[in-house]
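Novice: Okay, here's the structure, questions in a sec.
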Amino acid sequence: MDVAPARTQLPQGFERLNLTPNHFSIFYTVFMGLRFPLKVAELLDLRSLINHAVDDFTEPPLTPDYRQFRESLQAAIDSFIDKRRHSERMLQILSMFRDIHYTHSIMSRDAERRLREAMDDNRTNRIKFVRYGLFFVFAGVASGILWLAMPEPMWLVKLLPAVYGYLSWYYFHKLPELDREHKKLTLELNDVLRRRVESLNWKTLIHKLAMVLGYKRLPGIEVFHDDHDRMDRSVYH
C-alpha cells in the first residue's frame, strides 16, 4: 500500500536553535505539535538538538523538591519505557526540561512585569502631559488678555503668550510619541504572553520524546518516513 510522504513540520532555521530558556517556547510549541511520521532529516535534527543539550546539562542538587519530582516521573517513565538505560536517559532529559522551563517562566514573568511597569509610566506621562498642555494653554490665554488689558505692557508680558504657547505645543506634540510607545509596549507584552509556556504536559512529552529518540515503538505508528532511493514506503524506528 502506498503511503503519502511526510510533510515538513520543523520551521526554517529550527536546526540552528539552542535548547535554552530563550528558545524554549519555540521548541516546545513545535515539538508538542509534531505529527508522525517525520522526515528523516527532521528526526535527526531533533535528536541532535536534544542529545547535545542534555549532554551539556548539569543536574541541580538533589533537594527534597527535586527528589520528589524525579520519583513522580520515574514511575510514569518506567511504565512506558522498558530498557533501564533509556529510562535513566529520559529522566535526565525531563530534568533538563524542568530546569529550562523554570528559568523560562521566571524570564517571562520578569519581562511581563517590566513591560507593565513601562505601560503604567507611559499612561502616567500621558495624563501629565495633557494636564501640562492644558495648563499652558490657559496660561497663554490669560497672559494674552493681560497684555491687551495693559495700556503699555512690559516686554515680559508680551513674551509670556509666546512662551506659554511653545510649552503647550511641546507637551501636546509629545502625545503621539507616547501613543506609539504604548502601542509598541502592548505588542511586546502580547508577544511575551503568547510565547509563555505555562506548564508542561509531561505525559505527552514523555511519549513523543520516547518515539523521537527511539526509546519506544508503538504498533501502528510510523515514526519517520524514508524516501531514500525513491522508495515510496514507510519504515518503523
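Novice: Over the Cα atoms of the chain, compute the convex hull volume and normalise it per residue, giving Å³. Write down the numbers at each step before the final one.
Specialist: Numbers: hull volume 47.0 nm³, N = 237.
Hull volume normalised by residue count: 198 Å³.
Novice: Also: E112: accessible area at probe 1.4 Å, nearest 10 Å²?
Specialist: Number for this one is 40 Å².
Novice: A further question follows. So which lysines can K184 reach, going by Cα to Cα under 24 Å and dropping same-chain residues fewer than 8 places off?
Specialist: By straight Cα distance, K184 reaches K128, K174.
Novice: May I pose another question? Keeping every protein chain in place, order L73, L146 by accessible area at 1.4 Å, biggest value first, i.e. largest first. The partial results should precede the final answer.
Specialist: Values: L73 15, L146 85 Å².
Ranked from most to least accessible, the order is L146, L73.
Novice: In vacuum, with every alpha carbon of segment 128-182 counted as one equal point scatterer, what does the Debye formula give for log10 I(q)/I(0) at q = 0.17, 0.23, 0.31 Å⁻¹? Two decimals, please.
Specialist: Per q value, in the given order, log10 I(q)/I(0) is -0.55, -0.79, -1.09.
Novice: Please report, in Å, the Rg and the Dmax of segment 11-128, where both are computed over Cα atoms only.
Specialist: 18.8, 67
Novice: Treating cross-link reach as a plain straight distance, find the lysines whose alpha-carbon is under 22 Å from the alpha-carbon of K83, omitting any fewer than eight places away in the same chain.
Specialist: Straight-line reach from K83, under 22 Å: K203, K208, K216.
Novice: At 0.36 nm per residue, and after removing the present C-alpha to C-alpha distance, how many nm does the segment from K184 to R131 gain when stretched out fully?
Specialist: Details: separation 53, 0.36 × 53 = 19.08 nm, distance 2.35 nm.
Length gained between K184 and R131: 16.7 nm.
Novice: Quickly work out the M119-to-D78 label distance, labels modelled 7 Å from Cα along the C-beta direction, and quote it in nm with one decimal.
Specialist: My value for the distance between the label points is 4.7 nm.
Novice: Within the chain, what whole-number % of the accessible surface is contributed by carbon and sulfur, with the 1.4 Å probe and all protein chains included in the calculation?
Specialist: Working: 8480 of 14920 Å².
About 57 percent, which is the carbon plus sulfur part of the accessible surface.
Novice: At 1.4 Å probe size, with no ligands or nucleic acids counted, give the accessible surface of H173 in Å², nearest ten.
Specialist: 110 Å²
Novice: Give a quick list of trypsin sites (Lys or Arg not before Pro) in segment 23-55 that DSSP marks as loop, anything other than H, G, I, E or B, with at most 15 other Cβ atoms within 10 Å.
Specialist: On the way: sites: R35, K39, R47; in loops: R35.
Sites meeting the loop and neighbour criteria: R35.
Novice: Follow-up question, since we're still on this one. For the chain, return all DSSP H helices satisfying: extent of Cα atoms along own axis at least 20 Å; mean Kyte-Doolittle hydropathy at least 0.5. Let's see the in-between values first.
Specialist: Values: long enough: 40-55 (22 Å, 0.58); 64-80 (25 Å, -0.79); 84-149 (97 Å, -0.30); 155-173 (27 Å, 0.59); 175-195 (30 Å, -0.99).
What comes out of the filter, once short or polar helices are dropped, is 40-55, 155-173.
Novice: Report relative contact order for the chain in percent, whole number only (criteria: Cα-Cα under 8 Å, sequence separation at least 6). Spell out each step's value before the answer.
Specialist: On the way: 206 pairs, mean separation 72.2, N = 237.
The normalised contact order for the chain reaches 30 percent.
Novice: If you count only protein heavy atoms with a 1.4 Å probe, what accessible area per residue comes out for the chain, rounded to a whole Å²?
Specialist: Here the residues of the chain average 63 Å² of exposed surface.
The values are calculated or read from the model by the stated rules, or taken from the named source; none is laboratory data. These numbers come from a predicted model, not from an experiment. All Cβ positions, glycine included, derive from the backbone under ideal geometry; neighbour counts span all protein chains shown. Each accessible area value is taken on the protein alone, full model and side chains, heavy atoms only, with ligands, DNA and RNA left out. Shrake-Rupley method; radii C 1.70, N 1.55, O 1.52, S 1.80 Å.
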